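What follows is one structure encoded as C-alpha cells, with my remarks underneath.
The values are calculated or read from the model by the stated rules, or taken from the named source; none is laboratory data. A quick note: this is a predicted structure, and the numbers were derived from the prediction, not measured. With ideal geometry, Cβ positions are generated from the backbone for all residues, glycine too; neighbour counts draw on all protein chains shown.
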Amino acid sequence: MYETTYLRAASLDEAVGWLREHEEARPLSGGMTLIPTLKQRLAAPSHLIDLTRIDALRGIEVHGGILRIGALSKHAEVAASSVVRGAIPALASLAGVIADPQVRNRGTLGGSVANNDPAADYPAAVLGLNAHVVTSSQRRIPADEFFVDTFETALRPDELVTAIEFAIPLRAAYAKYRHPASGYAVAGVFIAQYDDTIRVAVTGAGASVFRWFDAENALQQDLSHAALASLCIDRDTLPDDDNASAPYRAHLIETYTRRALQALLAS
C-alpha cells in the first residue's frame, strides 16, 4: 500500500468538507473493494475518510410506499431486516447471497452502489426497483441516470451516497449465477412488477448494470414464461472473458431471467 492519511469523520458535513479539501481522498465504509485495491497498489488516495461513525448514514424505514435504507447498512443487516423483508422480500434475499459471510458482514449498501462494480448484486436491485440514490448534496438521482460505466457513476467528486430509496413493487425476484470463488454475479437478473410497468435489470454481463428492454416489453404484454420463450439477448453487447464467453453469458441471462420470473410468479 502507498502512504495515506487516515481521517475518521464524526459527521456528514465533516466528511464532505474533507473530500472538498483533499482532491485525492477516498471515502471508506466497509472497504470490501477499496482495501484490496489499495493492497494491490491499484489506487493511491492521499487520504482515507472513514464514514463508519456517521449516524446520519444509518437506518431502515418505510414511509409512503418508499423503502429507505441508509448507506452504511451492511448487507447482512439488509438481509436480516424485518422491515426489508416485509416491504421487498427479493431485496433481502439478494443481500443474503452477496459474495460470502465476511463481505456481507462488512460491506455496505452505499459503498457497493457508489463503487458500481459491473458484477455487483445491489445495482441490479437499484435499477430494477427504479430506486433513487440520495446524496450528501440532497440530490435524488434516478437509477436510470446513476450508473454510467464500469466503476463510474453520476456522483460528483465531493458527493457521498447517504441513502437509497426504493419504490415498493407489487412483487419482485432476483436470480443469479454465482462465480464459484468470489460469489459475485457472472450473470444476475432482477425483475420488479409495478402497477403499470415491468423492469428487468441485468448485472455481471456488461460494463455496468443495464435494463433488458426487450424482456420488459415482452413481459409487459404477457407476464408469463411464454413471453420469454423466443427472446434472445444480443450476444454482441456482452463481455467475453475468463468467467464466461459472450454466448454463454447470453444463455445465462436468458436462463436466469426465466428463473427470476418463475420466482416472481410464485411470490
Problem - Condition check for Ala80: surrounded by 14 or more Cβ atoms within 10 Å (Cβ to Cβ) and of a type in the set (Gly, Ala, Ser) - result: yes
Practice task
For segment 65-72, state whether one or more residues are assigned by TED's automatic domain parsing to the domain that holds Tyr256 and more than 12 Å from Ile164 (Cα to Cα).
Solution key: yes
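Tell me the strands (runs of 3 or more DSSP E) entirely within segment 1-67 that contain at least 3 residues that are farther than 30 Å from Ile88 by Cα and either at pLDDT below 95 or of a type in the set (Ser, Thr, Tyr) (or both).
Working: elements: 5-8, 26-28, 47-50, 60-63.
Counting at least 3 such residues, we get no strands (runs of 3 or more DSSP E) at all.
Results for (1) over 20 Å from Thr108 (Cα atoms); (2) surrounded by 16 or more Cβ atoms within 10 Å (Cβ to Cβ), shown as yes or no for each residue.
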{"residue": "Ala15", "(1), (2)": "no, yes"}
{"residue": "Ala25", "(1), (2)": "no, yes"}
{"residue": "Leu28", "(1), (2)": "no, yes"}
{"residue": "Thr33", "(1), (2)": "no, yes"}
{"residue": "Pro36", "(1), (2)": "no, no"}
{"residue": "Leu48", "(1), (2)": "no, yes"}
{"residue": "Leu51", "(1), (2)": "no, yes"}
{"residue": "Asp55", "(1), (2)": "no, no"}
{"residue": "Gly64", "(1), (2)": "yes, no"}
Problem - Residue within segment 194-203 that is assigned by TED's automatic domain parsing to the domain that holds Leu129, over 21 Å from the mean Cα position of the chain (by Cα), part of a loop (DSSP other than H, G, I, E, B) and not β-branched (Val, Ile, Thr) present - result: yes
Problem - Ile233 being among the hydrophobic types (A, V, I, L, M, F, W, C), assigned to a helix (DSSP H, G or I) and either more than 15 Å from the chain's Cα centre (by Cα) or in the same structural domain as Asp100 (by TED's automatic domain parsing) (or both) - result: no
Exercise for the section: Tell me, yes or no, whether segment 114-122 has at least one residue that is touching a helix residue (DSSP H, G or I) at 6+ places or on another chain (Cβ under 7 Å) and aromatic (Phe, Trp, Tyr). Expected result: yes
Handout entry: Complete set of residues in segment 204-216 that are more than 17 Å from Ala95 (Cβ to Cβ) and not in a strand (DSSP E or B)
Key = Ala205, Gly206, Ala207, Ser208, Trp212, Phe213, Asp214, Ala215, Glu216
